[in-house]
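These notes are about the structure you will find just below.
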Amino acid sequence: MKIAIDCRYLGKSGIGRVTEGILENLDFSKDEYWLIGKRESLAKYEGAHIVEDGSDPYSVRGLFSFPRELNKLCDAVFLPNFLVPFGIRLPVFAIMHDLAFLDVKETTKGAFDRFVKRTLLKRCMKRAKEISCVSAFTRERTEHYYGKLAKKCFVNYNGLSESVINYAETHAPAEKADEIVYVGNVKPHKGLKTLLAAFSRTEGETKLKIIGEKEHFLTGLALDESAYRNVEFTGRLSDEELLPAIARAKYLVLPSVYEGFGLPPLEALALGTQPIVSDIPVFREVYAGLPVVYFRGEEELEEALSRPPEKIACRKEVLARYSYARCAETILEHIKA
C-alpha cells in the first residue's frame, strides 16, 4: 500500500501530538509512505519518502499546496485534521477532533470566519472516504450536523506519545511541588478564565503555571496578569521541560467547556499527577473509571484546588485503554479495506 500523510501539523499542540503519536507507530518497512512536511521534522522516520512542504496547513497557501505528483504515486492520503487540501485526487482518510467551530461560535473570529470553517468542515465530511473520530462524543456531533454523512465516521481514541511513555517508565515518581499546571491555549471553550478566577480565591503559596505561548494567552482575556498572585505564564515548553512540570505538579487542570477528547489529563495520569477536569460529557466518556476530579463552576473548582491530591498510580490501566499503536493500526485497517 502506498500512503501519503500530511505531516505539516508536527510541532503544533494538540493535533501535532496526535500526528506524532500515529507516525511513531507505523511500520515504514511494510507499506510505502510519502510524508509531507518539513524535512528536519521528518528525517527520523527512516524508510519513508519525504515531500518537502513548509506551508502552514491552516493557511490559504497550505490549502492549495498539495503535491500533485502524489496523485499518481499513492493509493490514498491520510490527513490528521478536517482540512482537505485542494488538488487531491486520492481517497481521503481524515481525523475529526471536534466540531467546536459549529458548537461554540466564540471559537471563530466572526461571521466570515465561521462560514469558511463550516464550509471546510462540510467539505471534509463529503470528500473523505472515512473519518476517524477521537471520541464517541465527536462522532455524535457529526451525526447531529451531518446526518447520513456520519455513517463514514468511526470512533478511534487518541493515545500517549512515546516521549510521555518513556519518561513515565524511566523516571521515579516525582516529588510533588506546591504547583498546579494548565496546558493549552486561550480559546474561549478552554475555560481559562474560570481557572484563573477560582485560583485567585485560593489561599496559600501554591503556584499556577499556565503552559503555552504567553502572547496568545493574554490576547482577548481582558484580565490583568498582575492581579493573579503566584500565576506564571511559562510560554511554550519543550517535552524535556513540559513532562517534568506535569509530573511534579499536584494537579493538572483542564477547565474546558468543550473538547473533542482532552489529551493533557491523560498525560498527567501516566505521569502520576491527578487531573481536575470540568464535568462535561466527553470527559465522562474518556476518563470513566480513572482517578480524575470533576467540577462544575468556579466554586467547585476552588474547593477542588484547595484539597490535597490523591496518589495516582494507574499508568498501566491508561496504556491498556489508550494506545497510539492501536489508533494507527485501526486507521490502516480502514485505509486498506
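Here are a few things to note about the model shown:
- The one condition in (1) of a type outside the set (A, V, I, L, M, F, W, C); (2) part of a helix (DSSP H, G or I); (3) under 21 Å from Glu333 (Cβ atoms) that Lys129 fails to fulfil: (2)
- The condition of being part of a loop (DSSP other than H, G, I, E, B) and of a type in the set (A, V, I, L, M, F, W, C) holds for only one of Phe82, Phe154, that being Phe82.
- Candidates are the residues of segment 219-265 that are among the charged types (D, E, K, R) and either crowded, with 22+ Cβ neighbours inside 10 Å or in contact with a strand residue (DSSP E or B) (Cβ under 9 Å, 6 or more places away or on another chain) (or both); the one that is modelled with the lowest pLDDT is Glu225.
- Criterion (of a type outside the set (Phe, Trp, Tyr) and part of a helix (DSSP H, G or I)) met by exactly one of Arg118, Arg68: Arg118
- Checked against the criterion of being in contact with a His (Cβ under 9 Å, 6 or more places away or on another chain) and of a type outside the set (Val, Ile, Thr), the candidates Leu271, Leu290, Leu263, Leu305 yield just one match: Leu271.
- Residue within segment 19-28 that is in contact with an Asp or Glu (Cβ under 7 Å, 6 or more places away or on another chain), assigned by TED's automatic domain parsing to the domain that holds Lys152, part of a loop (DSSP other than H, G, I, E, B) and surrounded by fewer than 19 Cβ atoms within 10 Å (Cβ to Cβ) present: yes
- A search for C-beta distances below 8 Å between a residue of segment 273-286 that is over 12 Å from Glu298 (Cα atoms) and any residue that is acidic (Asp, Glu) and buried (at least 23 other Cβ atoms within 10 Å of the Cβ), counting only pairs 6+ apart in sequence or on different chains, returns Ile280/Glu259; Val282/Glu259; Phe283/Glu259.
- Selection within segment 176-206 - under 15 Å from Val257 (Cα atoms) and either out of contact with any helix residue (DSSP H, G or I) (no Cβ under 8 Å at 6 or more places or on another chain) or without any contact (Cβ under 8 Å) to a residue 12 or more places away in the chain (or both): Lys190, Gly191, Lys193, Leu196
- When Leu149, Leu192, Leu160 are checked against the criterion of being touching a strand residue (DSSP E or B) at 6+ places or on another chain (Cβ under 8 Å), among the hydrophobic types (A, V, I, L, M, F, W, C) and either modelled with pLDDT of 85 or more or buried (at least 16 other Cβ atoms within 10 Å of the Cβ) (or both), a single residue qualifies: Leu192.
- Of the candidates Glu241, Glu298, the single residue that is part of a helix (DSSP H, G or I), closer than 25 Å to Leu196 by Cα and touching a Ser or Thr at 6+ places or on another chain (Cβ under 7 Å) is Glu298.
- Segment 145-185, subset over 24 Å from Tyr287 (Cα atoms) and basic (Lys, Arg), residue farthest from the chain's Cα centre (by Cα): Lys148
- Here Arg296 passes the criteria (1) surrounded by fewer than 15 Cβ atoms within 10 Å (Cβ to Cβ); (2) under 30 Å from Thr170 (Cα atoms) except the one numbered (2).
The values are calculated or read from the model by the stated rules, or taken from the named source; none is laboratory data. Predicted, not measured: the structure shown is a model, and the values here were computed from it. Cβ sites come from the backbone with ideal geometry, for glycine too, and all protein chains shown count toward neighbours.
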